[in-house]
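See structure below.
Just so it is clear, none of the values below were taken in a lab; they were calculated from the coordinates. Just so we're clear, the structure is a prediction, and the values are computed from it rather than from any experiment. Positions of Cβ are generated from backbone atoms using ideal geometry, with glycine treated the same way; all protein chains shown enter the neighbour counts.
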Amino acid sequence: MEHSTATKHNTRWAREVHKKYRKDENPKLKQCGRKPKPISDEERKIVIETYHEVLASATMIEQVLDEKGVHINHNRIHLILLEAGLAREEPKKKHRRSWADKI
């Protein structure tokens, strides 16, 4: 079975991609995913004001804002709090656990 049949691509496309990468001395992959939406000043103001009212984490602030009728994702809220110096990164939550690789 040919590679193109296994991956459901035709051979011409495979040759074209190979030619493109062979021609380029230092091929780089494009950055994938959606570009992040910039954080507006209004969002920052709302999140910081709510933080000072509630003094809670990003997930709790998200729930409070939802009750007020404003939805901002908790990851975005955490990013705003980090930039304002009101939250901190927790390195223990960042590192990849060795047992997770074996799953």
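Miscellaneous remarks
- The chain - mean residue ellipticity at 222 nm from DSSP helices (-39,500 (n - 2.57) per run, n ≥ 4, rounded to 500): -17000 deg cm²/dmol
- With R₀ set to 35 Å, the beta-carbon distance separating residue 59 from residue 32 gives a calculated FRET efficiency near 0.80.
- Restricting attention to region 1-88, lysine pairs at least eight places apart or on different chains and with alpha-carbon atoms under 27 angstrom apart total 15.
- Principal-axis tilt of helix 41-54 within the chain, Cα atoms, nearest 10 degrees: 50 degrees
- Longest site-free stretch - the chain; sites: trypsin sites (Lys or Arg not before Pro), DSSP loop, at most 15 other Cβ within 10 Å: 35-87
- Net charge of the neighbourhood of residue 39, taken over other residues with C-beta under 12 Å away and scored Lys/Arg +1, Asp/Glu -1, is 0.
- Based on C-alpha pairs under 8 angstrom that are at least 6 apart in sequence, the chain has a relative contact order of 14 percent.
- Per the Kirkwood formula applied to alpha carbons, region 41-90 shows a radius of gyration over Rh ratio, Rg over Rh, of 0.91.
- Extended-chain gain in nm, criterion 0.36 nm per residue less alpha-carbon gap, residue 42 and residue 74: 9.9 nm
- Taking all C-alpha pairs of the chain, those more than 16 Å from each other amount to 72 percent.
- Most positive-pole-ward Cα, 31, 55, 79, against dipole of the chain from beta carbon charges: 31
- Within the chain, the longest segment free of exposed loop sites, counting GluC sites (Glu not before Pro) that fall outside DSSP classes H, G, I, E and B and have at most 12 other Cβ atoms within 10 Å, spans 26-88.
- Degrees separating the helix 74-84 axis from the principal Cα axis of the chain, which is the longest one: 70 degrees
- With Cα atoms, 0 to 90° folded angle of helix 58-68 axis to the chain main axis: 70 degrees
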